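Notes follow once the structure below has been shown.
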Amino acid sequence: MSEMVSDAAVSAEPITPEPVRRVAGPLLTQSWLDLSFLHWAVDPAEVAPLLPRGTVPDTHDGLTYVGLVAFRMYRVGWFGLPGVPYLGTFPETNVRLYSVDRHGRRGVVFRSLEASRLLPVAIARSVFRMPYMWARMAIRSDAGTVSYTSRRRWPGPRGARCRLAVRVGERIEEPSALELFLTARWGMHNAFFGRSVYLRNVHPRWPLHRAELLECDEELVAAAGLPAPAGPPVSVLYSPGVPVRFGRPVRPAGLPTP
């Protein structure tokens with residue numbers, strides 16, 4: 001259960017479209033491409049027990065959000081070395097929550113991360129304690145429509161599936177306050193051997209587009225220990241992607257993703 005942090009004791013950092021911290025000598029580099037962001041509003045009390053110790057749900061107008069984010073991970077590289085073309089490039093779909101810690105640092109907390117490469121999944125799970133899942137996955141793009149498919153192989157629940165399709169719309173010149181809240185995230189909270197860690201990231205301002213949800217048949221939210229969505233998402237966004245750099249945490253925090 002998350003260790004409670006009083007709202008009065010937390011002065012959260014501002015939500016900004018550009019990074020709030022710098023990263024020198026990056027631990028990791030990678031790109032996130034062809035992203036679709038789906039979000040559902042939830043009561044903060046429902047997700048608070050699922051967050052790492054020392055964090056609480058980050059809220060916007062009294063609500064927090066469950067995110068389902070599908071994308072292509074591209075060329076993960078370590079310590080400034082060139083990104084890996086095969087093992088570092090794969091489809092991924094994650095279920096995430098929104099968090100803020102006692103220092104006011106906003107971030108995301110991953111409940112599950114589907115990926116199609118077994119070796120990165122095994123390393124992330126065993127070494128960094130990240131909830132990666134090995135899945136059969138594909139991403140297809142055709143005439144402004146992007147589709148994502150995933151079926152979990154290991155570990156369970158085996159067969160948990162996700163099928164998404166969006167039609168990409170117009171570019172968003174000025175994101176709303178909610179759109180910034182959901183996408184302008186400059187770090188990740190994680191529990192590592194019982195200790196809470198924070199891993200910061202930097203990347204250019206998101207190029208965001210409106211998106212029309214054409215299909216959503218998913219079991220990943222419920223498989224991640226959250227209530228299954230009761231209706232359509234309140235926000236659907238698309239981005240062609242950004243290059244990303246990650247700083248070195250005080251303690252190891254695992255393989256970061258959006």
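Throughout, read-outs are computed from the coordinates displayed, never taken from laboratory work. Remember, it's a predicted structure, so these values are computed and weren't measured experimentally. Please note: Cβ atoms are built from the backbone with ideal geometry, for glycine as well, and neighbour counts cover all protein chains shown.
Which order do the peptides 60-69, 128-137, 15-24 come out in when sorted by mean C-beta neighbours inside 10 angstrom, highest first?
Final packing ranking: 128-137, 60-69, 15-24.
Could you tell me the calculated FRET efficiency between Glu215 and Leu87, based on Cβ-Cβ distance and R0 = 45 angstrom, to the nearest 0.05?
0.90
Please label the shape of the range 100-196 as rounded, prolate or oblate, based on the square roots a ≥ b ≥ c of the eigenvalues of the alpha-carbon gyration tensor (a/c under 1.5 means rounded; beyond that, a/b larger than b/c means prolate, else oblate). Display every interim value, and only then the final one.
Numbers: a/c = 2.83, a/b = 1.06, b/c = 2.67.
In terms of gyration-tensor shape, oblate.
I need the calculated FRET efficiency for the pair Ser126 and Glu170, taking r as the beta carbon distance and R₀ as 30 Å, to the nearest 0.05.
On the way: r = 44 Å, r/R0 = 1.45.
Efficiency computed from Cβ-Cβ geometry: 0.10.
Just from its helices, what would the mean residue ellipticity at 222 nm be for the chain, if runs of 4 or more DSSP H residues each count -39500 (n - 2.57) and the sum is divided by every residue, rounded to the nearest 500 deg cm²/dmol?
Computed ellipticity for the chain at 222 nm equals -2000 deg cm²/dmol.
For the pair Ala12/Leu63, report the inter-label distance in nm, with labels modelled 7 Å from Cα in the Cβ direction.
About 1.4 nm separates the two model spin labels.
Rounded, prolate or oblate: which fits the range 27-76, taking a ≥ b ≥ c as square roots of the Cα gyration tensor eigenvalues, rounded meaning a/c under 1.5, else prolate when a/b beats b/c?
Oblate shape, in that a/c is at least 1.5 and b/c is the bigger or equal ratio.
To the nearest 0.05, how large is the calculated FRET efficiency for Leu178 and Arg158 if R₀ is 35 Å and r is the Cβ-Cβ distance?
Taking R0 as 35 Å, the efficiency between Leu178 and Arg158 is 0.50.
Of Gly83, Ser99, Trp186, which is farthest towards the positive pole of the chain's charge dipole, taken about the Cα centre with +1 and -1 on the beta-carbons of Lys, Arg and Asp, Glu respectively?
Gly83
Pop out the ³J(HN,Hα) list for the range 50-60 in order, Karplus 6.51 cos²θ - 1.76 cosθ + 1.60 with θ = phi - 60°, rounded to Hz; leave Gly and Pro as x.
Ordered by residue, 3J(HN,Hα) equals 8, 8, x, 4, x, 10, 9, x, 7, 10, 10 Hz.
About the Cα centre of the chain, how large is the charge dipole given +1 on each Lys and Arg Cβ and -1 on each Asp and Glu Cβ? Please answer in debye to the nearest 20.
Roughly 1280 debye, rounded to the nearest 20.
Looking at the chain as a GNM with Cα springs under 10 Å, which of Leu178, Leu35, Leu27 has the largest mean-square fluctuation?
Among Leu178, Leu35, Leu27, the largest GNM mean-square fluctuation belongs to Leu178.
Can you give me the convex hull volume of the Cα atoms of the range 22-246, divided per residue and expressed in Å³?
It is 125 Å³ per residue.
Please state the relative contact order of the chain as a whole percent: Cα pairs under 8 Å, 6+ residues apart?
24
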